[in-house]
């Protein structure tokens, strides 16, 4: 949720850092990781 808000307001550097931390986190589920990758792709597109 926080990553989505950061991207909506244009704070891409912080959103990217957060996404990387979430992907590495072992408690992040496969579904959550997929959502993170989709949001990250939206930032780049």
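Values quoted throughout were computed directly from the atomic coordinates according to the rules given, and no laboratory measurement underlies them. Since this is a predicted model, take the numbers as computed values, not measurements. Because the Cβ atoms are built from the backbone with ideal geometry, glycine has one as well, and the counts that use them run over all protein chains shown.
Residues that are surrounded by 12 or more Cβ atoms within 10 Å (Cβ to Cβ) and over 8 Å from the mean Cα position of the chain (by Cα) within region 26-45 comprise 28, 32, 33, 43, listed in sequence order.
For the subset of region 1-24 comprising residues that are touching a residue at least 12 places away in the same chain (Cβ under 8 Å) and more than 13 Å from residue 41 (Cα to Cα), which member is surrounded by the most Cβ atoms within 10 Å (Cβ to Cβ)? Can you show your working first?
In the first step, residues of region 1-24 are kept if they are touching a residue at least 12 places away in the same chain (Cβ under 8 Å); the result is 2-4, 6-7, 12, 15-16, 18-19, 22-23.
Of the ones still in play, those that are also more than 13 Å from residue 41 (Cα to Cα) are 2, 6, 18, 22-23.
Details: 2: 10, 6: 20, 18: 18, 22: 18, 23: 13.
By that ranking, first place goes to 6.
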